[in-house]
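**Student:** This is the structure, below, for whatever I ask next.
The values are calculated or read from the model by the stated rules, or taken from the named source; none is laboratory data. No experiment lies behind these values; they were computed from the predicted model shown. Here the Cβ positions follow ideal geometry from the backbone for every residue, glycine too, while neighbour counts run over all protein chains shown. We work out accessible area using only protein heavy atoms, side chains counted, and drop any ligands, DNA or RNA first. Shrake-Rupley method; radii C 1.70, N 1.55, O 1.52, S 1.80 Å.
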Amino acid sequence: MGIAAIRDGIKTRLETIPGLRCHDTVPDSVMPPAVVVRPSPEQFATYDVALGGVRNLLFEVTLVVSKAWDRTAQDTLDSYIDPTGANSVYAAMEAGPTLGGIVADAYVRSASNYGMITWGTTAYLGCDFLVEVMV
């Protein structure tokens, strides 16, 4: 189990959402709707000396839907945040919590930062999901 493999596993789960462009590395630009999976910028890894290594990892999944001034952007974003439905990030992760057998469990812990997100020089409407992975 490596960090790159886990990022790829999260990307693979999210690719089950129709029409969502998924990145497991940080691109220069995005074409919405899109997600970018990366280690959480805050606390990324929790170590457990008794278990001899990493116990859990946190990944930030940034989702952008369209330019911030698009009238339908908020409804579209809401469909990705909803806990059920074809666009649900939560439901996509729940459908394959072991990421193909490479981790013990992975789940969406929270959604935050709902609003305008600037990627490069373009403003989008989006949010961040925090995905916790137990290794």
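**Student:** Please name all residue pairs, on different chains or six or more residues apart, with Cβ atoms under 8 Å, provided the first residue is in the range 103-128 and is more than 22 Å from residue 7 (Cα to Cα) and the second residue is surrounded by 13 or more Cβ atoms within 10 Å (Cβ to Cβ) and charged (D, E, K, R).
**Tutor:** 122/67; 123/67; 124/67; 125/67; 125/70
**Student:** Do you know which residues across the range 95-135 are in a loop (DSSP other than H, G, I, E, B), open to solvent by 40 Å² or more (accessible area, probe 1.4 Å) and not aliphatic (A, V, I, L, M)? Write out each step before concluding.
**Tutor:** First, pick out the residues of the range 95-135 that are in a loop (DSSP other than H, G, I, E, B): 95-104, 120-121, 135.
After this cut, where a residue has to be open to solvent by 40 Å² or more (accessible area, probe 1.4 Å) as well, the list is 95, 97-98, 100-102, 104, 120-121, 135.
Across the range 95-135, the qualifying residues are 97, 98, 100, 101, 120, 121.
**Student:** Are there strands (runs of 3 or more DSSP E) fully within the range 1-88 with at least 3 residues that are under 16 Å from the mean Cα position of the chain (by Cα), among the hydrophobic types (A, V, I, L, M, F, W, C) and within 13 Å of residue 131 (Cα to Cα)? List them. Reasoning before the result, please.
**Tutor:** Working: elements: 21-23, 34-39, 45-48, 53-67.
Result: 34-39, 53-67.
**Student:** Does residue 60 count as out of contact with any Phe, Trp or Tyr (no Cβ under 6 Å at 6 or more places or on another chain), without any contact (Cβ under 8 Å) to a residue 24 or more places away in the chain and either hydrophobic (A, V, I, L, M, F, W, C) or within 29 Å of residue 120 (Cβ to Cβ) (or both)? Walk me through how you get there before you give the answer.
**Tutor:** Values: out of contact with any Phe, Trp or Tyr (no Cβ under 6 Å at 6 or more places or on another chain): yes; without any contact (Cβ under 8 Å) to a residue 24 or more places away in the chain: no; either hydrophobic (A, V, I, L, M, F, W, C) or within 29 Å of residue 120 (Cβ to Cβ) (or both): yes.
Judged against the criteria, residue 60 is not a match.
**Student:** Among (1) open to solvent by 20 Å² or more (accessible area, probe 1.4 Å); (2) touching a residue at least 12 places away in the same chain (Cβ under 8 Å), there is one condition residue 40 misses while meeting the rest; what is its number?
**Tutor:** (1)
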